[in-house]
1. Express in nm, to one decimal, how much length is gained between Val52 and Ser36 on full extension, taking 0.36 nm for each residue of separation and deducting their alpha carbon distance.
2. May I ask for the Rg/Rh ratio of the chain, computed from Cα atoms with Rh as the Kirkwood radius, given to two decimals?
3. Lys34: which aspartates and glutamates have alpha carbons under 12 Å from its alpha carbon, excluding same-chain residues fewer than 8 sequence positions away?
4. Name the trypsin sites (Lys or Arg not before Pro) in the range 42-83 that are in a loop by DSSP and that have at most 16 other C-beta atoms within 10 Å, would you?
5. Could you work out how far the C-alpha centroid of the range 54-98 sits from that of the range 8-45, in angstrom?
6. Projected onto the charge dipole of the chain (+1 at Lys/Arg Cβ, -1 at Asp/Glu Cβ, origin at the Cα centre), which of Cys13, Leu53, Phe33 gives the Cα projection farthest towards the positive end?
7. 7 Å from Cα along Cα→Cβ at both Arg28 and Thr78: what's the point-to-point distance in nm?
8. Can you work out D for the range 46-100 in µm² s⁻¹ from Stokes-Einstein, where Rh is the Kirkwood radius over C-alpha pairs, the temperature is 37 °C and the viscosity is 0.692 mPa s?
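Just so it is clear, none of the values below were taken in a lab; they were calculated from the coordinates. Nothing here was measured: the structure is a model prediction, and the numbers come from that model. Note that we place each Cβ from the backbone using ideal geometry, even for glycine, and neighbour counts take in every protein chain shown.
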Amino acid sequence: MWCNVGYAEKFLCSYIFNEEAKSVVFERKGNFFKKSNNVSDEIVFEDEYSIVLSNTYSRKGKETPITFTTLIDKKKLTFTMIALEYQNTTAPIEGNCKIF
């Protein structure tokens with residue numbers, strides 16, 4: 001069986017959070033990847049080696065905006081994601097992925 005990583009439509013990525021195994025699915029939907037929590041992140045960069053996803057929420061102007069960014073390495077099948085918010089940026093989450 002031959003699989004071209006560059007055209008994967010779905011990634012299952014696993015990581016450890018608070019000493020508990022977790023996973024997230026990223027499924028391609030046009031110019032977006034829909035995550036298993038039903039949030040869609042825009043593809044802001046893609047080449048044969050990587051995909052960068054991003055989504056920013058302004059929370060209707062009531063709170064500081066927050067940006068979620070994910071980097072998927074298509075060759076190493078790894079990922080990292082982080083939430084960027086003024087004085088409240090999260091630690092990066094990192095793990096391995098499988099493609100479908």
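1. On the way: separation 16, 0.36 × 16 = 5.76 nm, distance 1.70 nm.
The span from Val52 to Ser36 would gain 4.1 nm if fully extended.
2. 0.99
3. Glu9, Glu42
4. Values: sites: Arg59, Lys60, Lys62, Lys74, Lys75, Lys76; in loops: Lys62, Lys74, Lys75, Lys76.
The qualifying sites are Lys62, Lys75, Lys76.
5. 11
6. It is Phe33, whose Cα lies furthest towards the positive end.
7. Between Arg28 and Thr78, the simple spin-label model gives 2.3 nm.
8. Values: Rh = 12.4 Å.
Value of D from the Cα-based Kirkwood radius: 265 µm²/s.
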